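Down below is the structure, laid out as structure tokens.
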Amino acid sequence: WARGRALPAGPLAQAASLPEADCLFSVANLRVLPPALLRRARQAFNFHDGPLPRYAGLHAPHWALICGETRHGVTWHEMTEAVDRGRIARQQLFDLAPDETAQSLNARCYEAGFTTFLALMDDLAAGGAVLAPQRGPASGFGRHLRPPALATLDWSWRAPQLCALVRG
């Protein structure tokens, strides 16, 4: 698509050659964008499928279920060189169903991501997003973090723990 419109296309390492932009949006991106790319945009926002700062990192919906959370949410935040640490532009929290699964929660996150994206667009059109600092305890779930024993069910655990692991 980009090449057909004479726009640069290629590895993110070529970020410095990209045109400048008013806004950059990163959605469902599993790569950390290079600082050179972030500098090409006046504003850069990331969609995160979890409430920040509590569920920073990867696979936030899965970890929320495994940890037995009863609420979850999504966050649009400004992108900075510190991953998932930028100020919050939009956040929506919601209750989890008792039988919530990783699949149903992922779908709910993308639905909430879309509605909050529309609200963020309205904010930008009205003069700019109101950015709020992240508040509360922070956690991070890295790329290589896995549940204990590679998610093997331990029958000495109580039923709610086992169910949370299976649903997550």
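General observations
- Using the Cβ-Cβ distance between ASP154 and ARG71 with R0 = 30 Å, the FRET efficiency computed as 1/(1 + (r/R0)^6) comes to roughly 0.70.
- Computed over the chain: relative contact order in percent, which uses C-alpha pairs under 8 Å that are six or more apart: 23 percent
- Here the stretch 29-70 and the stretch 88-121 have alpha carbon centers that stand 13 Å from each other.
- Accessible area in the full protein assembly, largest first, 1.4 Å probe, for HIS59, HIS48: HIS59, HIS48
- Helix-only CD estimate at 222 nm, as mean residue ellipticity for the chain, using -39500 (n - 2.57) per DSSP H run (n ≥ 4): -8000 deg cm²/dmol
- Across all C-alpha atoms in the stretch 107-168, the radius of gyration and Dmax reach 18.7, 56 Å.
- For the chain, alpha-carbon Rg relative to the globular expectation (2.2 N^0.38 Å, N residues): 1.16
- Dipole magnitude of the chain about its Cα centre (Cβ charges: Lys, Arg +1; Asp, Glu -1), debye to nearest 20: 420 debye
- Of the three principal axes defined by the Cα atoms of the stretch 62-134, the extents in descending order read 41, 25, 15 Å.
The values are calculated or read from the model by the stated rules, or taken from the named source; none is laboratory data. These numbers come from a predicted model, not from an experiment. Heads up, the Cβs are rebuilt from the backbone with ideal geometry, glycines too, and the neighbour counts pull from every protein chain shown. Each accessible area value is taken on the protein alone, full model and side chains, heavy atoms only, with ligands, DNA and RNA left out. Shrake-Rupley method; radii C 1.70, N 1.55, O 1.52, S 1.80 Å.
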